[in-house]
Amino acid sequence: MIKKILVAYDSGKKSHKALEIATEIAKNCHAEIYIFTSVKMPEIVSSVADQDMLKDLEGKTYEYFKSELGEAEEKIKNEGVQVQIVIVQDSPGTAIVRFAEKEKIDLIAMGSRNRGLFEGILLGLGSVSNYVIQNARCPVLVTKD
């Protein structure tokens, strides 16, 4: 039975879709939603930014997500679903898996990779959704376009 759903959120189209689907599932199962995001800068940014710049970027990212997730929270509450916002400063993939285990999450919903093939190859960036699929102990729902 699904009682707790974690939605990994990065403000992209695919994560919006994951949140919509998770909300429908939550309504049907009387489940609670955790909207989860990380404000940790990608390795490529942290490798070139000094500590003050990095701290400033992460602070602004935190404020952005706090506002955006607050709006999503209100919308979901209006649908009659219990919801909590979780903002962390950790590597997204590992943070999602760790939180899901700690909170005994029944389902993780997330968008598929937001980067194009060229960008992924050029920058050597891994896919958070792939990491979560491979390491989560609960089912993972991955939305696409």
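Structure summary
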item	result
Entries of K14/K75; K40/K75; K4/K77; K40/K60 with Cα pairs more than 23 Å apart	K40/K75
Cβ-defined net charge surrounding A72, 13 Å radius [Lys, Arg +1; Asp, Glu -1]	-3
Max mean-square fluctuation residue, GNM over the chain, Cα-Cα springs under 10 Å, options V48, V81, V97	V48
Mean residue ellipticity (222 nm) of the chain, computed from DSSP H runs ≥ 4 via -39,500 (n - 2.57), nearest 500	-16000 deg cm²/dmol
Within the chain: Cβ-based charge dipole about Cα centre, in debye rounded to nearest 20 (Lys, Arg +1; Asp, Glu -1)	520
Selection from V132, M110, M1, by position along the positive dipole direction of the chain (Cβ)	M1
Residue-normalised accessible area of the chain, given per residue in Å² at a 1.4 Å probe	59
Paramagnetic reach from E103 (point 7 Å along Cα→Cβ, amide N under 15 Å) across the stretch 70-89	70, 72-74, 76-77, 81-89
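The values are calculated or read from the model by the stated rules, or taken from the named source; none is laboratory data. As the structure is a prediction and not an experimental result, all values here were calculated from the model. Because the Cβ atoms are built from the backbone with ideal geometry, glycine has one as well, and the counts that use them run over all protein chains shown. Quick note on the areas: whole protein, heavy atoms, side chains included, nothing else; ligands and nucleic acids left out. Shrake-Rupley method; radii C 1.70, N 1.55, O 1.52, S 1.80 Å.
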